[in-house]
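Written below as structure tokens is the structure these notes are about.
The values are calculated or read from the model by the stated rules, or taken from the named source; none is laboratory data. As the structure is a computational prediction, the values presented were derived from the model and not from experiment. So basically every Cβ, Gly included, is an ideal-geometry build from the backbone, and we count neighbours across all protein chains shown. What goes into the accessible areas is simple: the full protein's heavy atoms, side chains included, and nothing from ligands, DNA or RNA. Shrake-Rupley method; radii C 1.70, N 1.55, O 1.52, S 1.80 Å.
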Amino acid sequence: MDTHSGLKYHYCVWKLTGLIQPEGMSRRRFLLYAILLNTFVTFFFPVTLMAKLFFTQSLPELCENLTITITDIAAGLKFLNVFLVLKQLKKIRHLLKRLDARALEVNNEEELGVLDRAVRWSKNSFRIFAGIFVFGTCLSCLRVHLSKERTLLYPAWFGIDWHQSNFAYAIIFAYQFFGLVVQALQDCASDSYPPAFLCLLTAHMRVLELRIRRIGYEGHDSRDDTHAKLIDCIQDFMQIHRLTNVIQQILSVTCMAQFVCSAAVQCTVAMHFLFVAGSNDLSAMALSMVFFAAVTLEIFIFCYFGDGLQAQSMALLNAFYSCNWMEQSLKFRRDLIIVMIRTQKVSYICAGGYIPLTLETFVQVLRFTYSAFTLLLKAV
């Protein structure tokens, strides 16, 4: 059992994109690779998008450029945040190994099944986001193919007249396609690792809940053995609490950036859709709908798994009360009361340290986006 394997795809992407040094590659070669890749793609790619904003000549074009630019800048910030929390990622690996060792020590079939499903869900979160980005990339390529005039994958400024030069157009198109693939990989990993972490954390909470509920109901255990099992569960709870704190540190900036980005992109995409709907540009309308659905799905997945974590944390309090404490010693009941006082504080992850990841927050974000959109309509 290795629940950290649920992050296998994410670590592969981070190695490919220059965040983590692959095994067998020298330090000097890795640094050269990471600096070149992130300079020409992670940094220079959004610069070309932002530069294009100064050359827009219409409001629909500005909306389209803003949608892509905001998304790309947010992706870069989330990717940078992964680099800043690499030490915390190592702590998570260590804590998950400890919790996995406990699960293997107990060797309960139901507990192992919960962890196995969590690993599969963690990998599926990456696959879901990968599917979204592959579809968006293919749609951009299809739009270029169907366009009646020469165009780029995304509006960008390079300071070269690529309209009149086949060679310049080929170079710029190849660069955009390469940059788009690299940034799609970065964003896929950055957007899918928060739900993956939340899924694994919730699974270990669920395992602890099952373990606690069995305390005192196994007839062959003496009072001392039952008390020892309670102490083991309390130590497991402490490990989960440490894991929750580390995940909070990692996800706080990422989730906040995603909330801000999603609200801004939703308003901009809605404005762009209204403008292009009158021009019957089906490819532009489809691209706008994909962007809107993608950013909305991203925050929904964050809030869905965050809400599940909160519900599972509340279930731990009920689990401690549901064990067979009535037939145990005074020392057992005293320790049980102390840990129940601690479990009354519900665990949840907050974006920016203030906004809880719950489905209620998701609804509030949609309401805020709608209010901002109606305000923009009045201003226009």
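Rundown of residues vs (1) of a type in the set (Phe, Trp, Tyr); (2) in contact with a Phe, Trp or Tyr (Cβ under 7 Å, 6 or more places away or on another chain); (3) farther than 22 Å from Ser190 by Cα; (4) buried (at least 16 other Cβ atoms within 10 Å of the Cβ), yes/no style:
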{"site": "Asp2", "(1), (2), (3), (4)": "no, no, no, no"}
{"site": "His10", "(1), (2), (3), (4)": "no, yes, no, yes"}
{"site": "Gly18", "(1), (2), (3), (4)": "no, yes, no, yes"}
{"site": "Ile68", "(1), (2), (3), (4)": "no, yes, no, yes"}
{"site": "Asn81", "(1), (2), (3), (4)": "no, no, no, yes"}
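Out of the residues in the range 324-351 that are surrounded by 13 or more Cβ atoms within 10 Å (Cβ to Cβ) and assigned to a loop (DSSP other than H, G, I, E, B), state the one that is nearest to the chain's Cα centre (by Cα).
Residues of the range 324-351 that are surrounded by 13 or more Cβ atoms within 10 Å (Cβ to Cβ), as a first pass: 324-325, 328-329, 332-333, 335-336, 339-340, 342-343, 346-351.
Narrowing the set further to residues that are assigned to a loop (DSSP other than H, G, I, E, B) leaves 324-325, 328-329, 346-349.
Numbers: Asn324: 39, Trp325: 40, Gln328: 43, Ser329: 45, Val346: 22, Ser347: 18, Tyr348: 15, Ile349: 12 Å.
For the range 324-351, the residue satisfying everything is Ile349.
Checking the conditions here, which among Lys52, Lys78 is farther than 18 Å from Tyr11 by Cα, basic (Lys, Arg) and either outside any helix (DSSP H, G or I) or at pLDDT below 90 (or both)?
Of Lys52, Lys78, the one residue that is farther than 18 Å from Tyr11 by Cα, basic (Lys, Arg) and either outside any helix (DSSP H, G or I) or at pLDDT below 90 (or both) is Lys52.
Being of a type outside the set (S, T, N, Q), in a helix (DSSP H, G or I) and at negative phi is the requirement here; does Leu180 meet it? Walk me through how you get there before you give the answer.
On the way: of a type outside the set (S, T, N, Q): yes; in a helix (DSSP H, G or I): yes; at negative phi: yes.
So Leu180 passes the test.
Starting from the range 143-157, take each residue that is closer than 18 Å to Phe167 by Cβ and list its partners that are open to solvent by less than 100 Å² (accessible area, probe 1.4 Å) and small (Gly, Ala, Ser), counting only C-beta distances under 7 angstrom and pairs at least six apart or across chains.
Final answer for the pair search is Leu153/Ser140.
Please go through the range 361-380 and pick out each residue that is within 18 Å of the chain's Cα centre (by Cα) and modelled with pLDDT of 85 or more.
Filtering the range 361-380 down to residues within 18 Å of the chain's Cα centre (by Cα) leaves 361-362, 365.
Scanning the range 361-380 gives Thr361, Phe362.
Looking for whichever is open to solvent by 20 Å² or more (accessible area, probe 1.4 Å) and free of Cβ contacts under 8 Å to residues at least 60 places away in the same chain here; the options are Phe30, Phe43, Phe54. Which one fits?
Details: Phe30 fails: open to solvent by 20 Å² or more (accessible area, probe 1.4 Å); Phe54 fails: free of Cβ contacts under 8 Å to residues at least 60 places away in the same chain.
Criteria check complete, one pass: Phe43.
Taking the stated definitions as given, is Ile132 of a type in the set (Val, Ile, Thr), open to solvent by 80 Å² or more (accessible area, probe 1.4 Å) and at pLDDT below 90? Steps first, answer last, please.
Numbers: of a type in the set (Val, Ile, Thr): yes; open to solvent by 80 Å² or more (accessible area, probe 1.4 Å): no; at pLDDT below 90: yes.
Judged against the criteria, Ile132 is not a match.
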